[in-house]
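**Q** This is the structure I have questions about; it appears just below.
The values are calculated or read from the model by the stated rules, or taken from the named source; none is laboratory data. As the structure is a prediction and not an experimental result, all values here were calculated from the model. All Cβ positions, even for glycine, are placed from backbone atoms using ideal geometry, and neighbour counts span all protein chains on display. Surface areas here come from the heavy atoms of the whole protein model, side chains and all, with no ligands, DNA or RNA. Shrake-Rupley method; radii C 1.70, N 1.55, O 1.52, S 1.80 Å.
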Amino acid sequence: MSSQRVSLHGMWSSRAIFVMATVGSAVGLGNIWKFPYISGEYGGGAFIVVYLACIALIGIPIMMAEILLGRRGRSSPISTMRQLAREEGASPAWSLVGYSGVVAGFLILSFYSVIAGWALAYVFQSASGGLNGVTAERAAGLFGDLVGSPWQLMIWHSVFMSMTVVVVARGVRRGLERAVTLLMPALFAMLLIMVGYAYVEGDFIRGFEFMFNVDFSKVFQLCTGAAEELQCQFHGEPVLVAMGHAFFTLSLGMGAIMAYGAYVPEHASITGATIAIAIADTLVALLAGLAIFPIVFASGLEPAAGPGLIFQTLPIAFGNMPGGQWFGTVFFILLVFAAWTSSISIAEPAVAWLVEIRGWRRGSAAVLVGCLAWFMGIGSVLSFNLWSGEEYQLFGKTLFDLKDFLASNIMLPLGGLLIALFVAYGAGRHMALEELAISRQHLFDAWWFVIRFVAPVGIAMVFLNSIGVF
Ligand code: TRP
């Protein structure tokens, strides 16, 4: 049974380290870069409420499912799915969940590294005093200069991808554990200070209202026509994006958490760990929003400015606060670390799988995965400059947008749906009961109900809605 199985790839030294590593995976660019910019694009409050509902009703239960599968299978997601399907007498086709996760991982890593490269560039920008005293226009100009230059982006993308390969090559424990225990709390503290700055110097009321004033009609209705005969229709895309982001920010649906679950010591409570991880992740995202939107409004910027949002607003704060040069430098360093502890988890399923099936050393597998993702990343780099024009777009989206949309909003929720279905119907109750070992029966029953009905039906409804079925 599972208790005899050990992972070929090593184990976390304790449950606390597992929680920390998983928080490291969850907290990253998704919270600090993506959450503010998509909340801004989709109108704030109502979008954020849907996102929070998805975290609670879909994200948390599916995270528990991923961890329990990982811990029982103790190998890469592909092998884990194949093995557990065999043990439970289910179809070997369930291993497709693992394969699709590896593909999604490559798509995500290939833009994640480029954005993390922006953060790297801003470490140097801030340290050299380049942000001192910047105005909103100047901050936007600096950002435009950076993303307008394919060469600069390629260099930073290459640096970040190499950093990822180095840590993945060293294995799940060495290097990673220390980084997470120290730097995550530091990032959290910095964010708190920045919310303080936004409170004093920004338009805090407006920022707060933008985030928490829930007006569903503003976000989920699309109205056309003149004022008297306004035609309003339900608009599903924000719901799909909110759900996709719940998966993205918790690192769910592609096997990253399953891979980390494979290294969890026996007898660690999965439920408690999951809730702690989800709360930490959500707090960081909300704090990032509270630090950014007050500055957006105080500087007359657009909340819907897109992927550059934090790089156009935070420099205004750093450039004009006492000690901002130092503070900004440290902040961007911590952001790079947050991205780093996430990117290694995106690569982990593919690397673990190569080690298993090819018998390669981790180093070689990490280099191969890194090279492939790096190559795919060239398309993300060019999406912001040479290929940003309409002739290079599909459905009004650049290659970067398309990769993000396909991976985050389609592949991750689909992976999550299949994981829920496998746990609920492919394997069945006895496996979940054994692995979760929840002492309070009604808690288990609640989770079991959610994983059988609420989460799958919820995901399916959002999908059907977004393709216009209702
Ligand atoms: N959750 C991370 C973030 O918010 C990104 C991430 C890490 C991820 N591993 C993942 C996203 C796996 C999807 C799947 O920045």
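**Q** Hey, got a sec? Which chymotrypsin sites (Phe, Trp or Tyr not before Pro) in segment 357-406 land in a DSSP loop and have at most 16 other Cβ atoms within 10 Å?
**A** Answer in residue order: Trp360, Phe395.
**Q** Can you work out the FRET efficiency for the pair Glu356 and Val469, with r the C-beta to C-beta distance and R0 = 30 Å, to the nearest 0.05?
**A** Result of the calculation: an efficiency of 0.15.
**Q** Length gain on complete extension for the stretch Val457 to Ser162, per 0.36 nm per residue less the alpha carbon to alpha carbon distance?
**A** Gain in length upon complete extension: 102.2 nm.
**Q** State, to one decimal in nm, how far the label point of Ala446 lies from the label point of Ile279, with both points 7 Å from Cα in the Cβ direction.
**A** If labels sit at Ala446 and Ile279, their model points lie 1.4 nm apart.
**Q** Same structure, new question: Round to the nearest 0.05 the FRET efficiency obtained for Phe124 and Gln231 when R0 = 51 Å and r is the Cβ-Cβ distance.
**A** That gives a FRET efficiency of 0.50.
**Q** How big is the Kirkwood radius of segment 319-470, worked out from every pair of different alpha carbons and given in Å to one decimal?
**A** It is 20.0 Å.
**Q** How much FRET efficiency would the formula 1/(1 + (r/R0)^6) give for Arg429 and Val49, where r is the Cβ-Cβ distance and R0 is 35 Å, rounded to 0.05?
**A** The formula returns an efficiency of 0.60 here.
**Q** Show me the helices of the chain, taken as full DSSP H stretches, that run 24 Å or more along their long axis by Cα and average 0.5 or above in Kyte-Doolittle hydropathy.
**A** Result, helices passing both filters: 96-127, 150-170, 176-201, 270-298, 324-358, 362-382.
**Q** Ignoring ligands, DNA and RNA, please state the percent of accessible area on the chain from carbon and sulfur, probe 1.4 Å.
**A** Accessible surface attributable to carbon and sulfur in the chain totals 65 percent.
**Q** Please give the length that would be gained between Tyr392 and Thr224 if that part of the chain were fully extended, namely 0.36 nm times their separation in residues minus their C-alpha to C-alpha distance (nm, one decimal).
**A** Once the chain is fully extended between Tyr392 and Thr224, it gains 57.6 nm.
**Q** Give me the number: length gained by fully extending Cys371 to Leu8, i.e. 0.36 nm times residue separation minus the C-alpha to C-alpha distance, one decimal in nm.
**A** Length gained between Cys371 and Leu8: 128.3 nm.
**Q** For segment 122-211, compute Rg over Rh where Rg is the Cα radius of gyration and Rh is the Kirkwood radius from the inverse mean 1/r over Cα pairs.
**A** Here Rg/Rh amounts to 1.06.
**Q** A further question follows. Do any trypsin sites (Lys or Arg not before Pro) in segment 121-222 lie in a loop, going by DSSP, with at most 15 other beta-carbon atoms within 10 Å of their beta carbon, and if so which?
**A** In loop regions of segment 121-222 (DSSP not H, G, I, E or B), the sparsely surrounded trypsin sites (Lys or Arg not before Pro) are Arg174.
**Q** So what does the Cα-only Debye profile of the chain read at q = 0.10 Å⁻¹, as log10 I(q)/I(0), no solvent term?
**A** Ignoring solvent entirely, the Cα scatterers give -0.71.
**Q** Using the charge dipole of segment 198-300 (Lys, Arg: +1 at Cβ; Asp, Glu: -1 at Cβ; taken about the Cα centre), state which of Leu252, His235, Tyr199 has its Cα farthest towards the positive end.
**A** Among Leu252, His235, Tyr199, the one farthest towards the positive end of the dipole of segment 198-300 is Leu252.
**Q** So, one more: For segment 203-311, what is the accessible area per residue in Å², given a 1.4 Å probe and the full set of protein chains?
**A** On a per-residue basis, segment 203-311 sits at 38 Å².
**Q** Okay, next question. Got the relative contact order for segment 244-336 handy, in percent, Cα pairs under 8 Å and 6 or more residues apart?
**A** 15 percent
**Q** Same structure again: Loop-only trypsin sites (Lys or Arg not before Pro) in segment 25-134, please: DSSP not H, G, I, E or B, and at most 14 other Cβ atoms within 10 Å.
**A** For trypsin sites (Lys or Arg not before Pro) across segment 25-134 that sit outside H, G, I, E and B with at most 14 neighbouring Cβ atoms in 10 Å, the list is empty.
**Q** Charges only on Cβ, +1 for Lys and Arg, -1 for Asp and Glu: so what's the dipole of the chain about the Cα centre, in debye to the nearest 20?
**A** The calculation lands at about 1780 debye.
**Q** Follow-up question, since we're still on this one. Could you size up the charge dipole of segment 287-400 around its Cα centre, putting +1 on the beta carbon of Lys and Arg and -1 on that of Asp and Glu, and report it in debye to the nearest 20?
**A** 380 debye
**Q** If contacts are Cα pairs under 8 angstrom and at least 6 residues apart, what is the relative contact order of the chain in percent?
**A** So the answer I get is 35 percent.
**Q** Suppose all protein chains stay in the model; what accessible area per residue would a 1.4 Å probe give for segment 355-470, in Å²?
**A** I get 51 Å² per residue for this part.
**Q** While we're looking at this one, here's another question. Just want to confirm a number: the relative contact order over segment 353-404, from Cα pairs under 8 angstrom separated by 6+ residues, in percent.
**A** RCO, segment 353-404: 21 percent.
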